[in-house]
1. Using 7 Å Cα-to-Cβ label points, what is the S106/H242 separation (nm, one decimal)?
2. Can you work out the FRET efficiency for the pair E214 and Y52, with r the C-beta to C-beta distance and R0 = 51 Å, to the nearest 0.05?
3. Working out 0.36 nm times the residue gap between E163 and L39, then minus their Cα-Cα distance, what length gain in nm do you get to one decimal?
4. What FRET efficiency, computed as 1/(1 + (r/R0)^6) with R0 = 22 Å and r the Cβ-Cβ distance, is obtained for A268 and L91, rounded to the nearest 0.05?
5. Given a 1.4 angstrom probe, what's the average accessible area per residue across region 169-250, in square angstrom?
6. I need the chymotrypsin sites (Phe, Trp or Tyr not before Pro) found in region 134-232, filtered to DSSP loop residues with at most 13 other beta carbons within 10 Å of theirs.
7. Past 26 Å, Cα to Cα: identify those pairs from K140/K273; K160/K221; K221/K260; K140/K250, in the order given.
8. Please compute P(r) over all alpha-carbon pairs of region 146-231, binned at 10 Å starting from zero, and give each bin as a whole-number percent.
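The values are calculated or read from the model by the stated rules, or taken from the named source; none is laboratory data. Values in this document were obtained by computation on a predicted structure and should not be read as measured data. Note: ideal-geometry Cβ built from the backbone for every residue, glycine included; neighbour counts use all protein chains shown. Protein only, heavy atoms only, side chains kept; ligands, DNA and RNA dropped before computing areas. Shrake-Rupley method; radii C 1.70, N 1.55, O 1.52, S 1.80 Å.
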Amino acid sequence: MGEDFGSTKNSYGVDQSNVGQALVGYGSQKSKPFCRDFLRGRGCPRGDSCRYSHEKPGLVTNDLEYVLCANYNITLPNVGQWVRVVVSVVLEADRFWIQLPDGTRSLGADGVDFEEYCDSGMAEDEDLESMVERLNDIYKKMKYSGDLVVRASGELVAAKYTEDGRWYRAQVMLAEEEVIEVFFVDYGNTAVVTPRDIRPLYQEFSHLPFQAVECFLAGVKPVPYKEPAAPESSTNDETVVHHRWHPQAKEAIHHMTAGKVLVARVLAKHANKLLEVDLYDIDDEKQVRLGGELVKLGFAKSMAKPVQFPVKADGPAASLGSEKGPIFVPG
């Protein structure tokens, strides 16, 4: 009963006899009767206060839809914390998006029972996996209505990811007539979709904070590399030196993070909720610092002294994977 009382739908401003308004907070004006004075072409004396539609039948209406567009970012861990993470998208060798399967609870803290820690999960009533399943149960049955709604930048929607055919929460980044660029707020990747693969996001799917957190890898910088100059190059040099990450460095990080639950040490928080982290792959036999691996492979130079994870080999490191396993990531 308390949950129903606190619901955003429990409001005098929501007409629950209108299915659209009860679900997404908006009832289309297309059902309003047409104003007779307006149709006769002599103007309506009531103006904007008229309760009838000032549009002609058969034309595209000028309705304004109220849409979800707020940013519900997940709470970030504090500087100095050690937390479990899953890398969902690798942008570059030192830039990636992560998820926090256990929220902001610290690893290796004194007095923490690690089995209880692993079983506790996030502090939300519903986790991402179950919400995505519930979202797909609804949206996969929803047919495209062919509406002419123009999507707005920043609008929260449900978007189909073409690689797996499943629906996920997304935010509109750029909207044109036939092409819409969306950002999947729980994973960190972007995609270009058509209006047919976009639906309004129901309010019931807005309770869970956005799960994707952007990070960059601390303590490393790229080693310059050479490659043959292009035939059409204006210089006489046979090789070109690039002062950026080697393409194989990104592949190496992807290989080291794919399908794994890692440990991150938060070193700093920056603008736009960007975290500076050190990443570790830890189990009962080894403790691998990913930045150090890039140095060993010749892709990076070290800029900081490594810090060891503060637990023994028979401590939490042996259970980092837990029964939860990695979180599914589209793409």
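1. 4.1
2. On the way: r = 49 Å, r/R0 = 0.95.
The formula returns an efficiency of 0.55 here.
3. On the way: separation 124, 0.36 × 124 = 44.64 nm, distance 4.84 nm.
Value of the extension gain: 39.8 nm.
4. Values: r = 18 Å, r/R0 = 0.84.
It comes out at approximately 0.75.
5. Working: 4250 Å² over 82 residues.
With the other protein chains kept in place, region 169-250 gives 52 Å² per residue.
6. Working: sites: Y139, Y144, Y161, W167, Y168, F183, F184, Y187, Y202, F205, F210, F216, Y225; in loops: Y144, F184, Y187, Y202.
For chymotrypsin sites (Phe, Trp or Tyr not before Pro) across region 134-232 that sit outside H, G, I, E and B with at most 13 neighbouring Cβ atoms in 10 Å, the list reads Y144.
7. Details: K140/K273 33 Å; K160/K221 36 Å; K221/K260 24 Å; K140/K250 34 Å.
As for pairs spanning more than 26 Å Cα to Cα, those are K140/K273; K160/K221; K140/K250.
8. Once binned at 10 Å, the Cα pair distances of region 146-231 give 15, 39, 19, 16, 9, 1.
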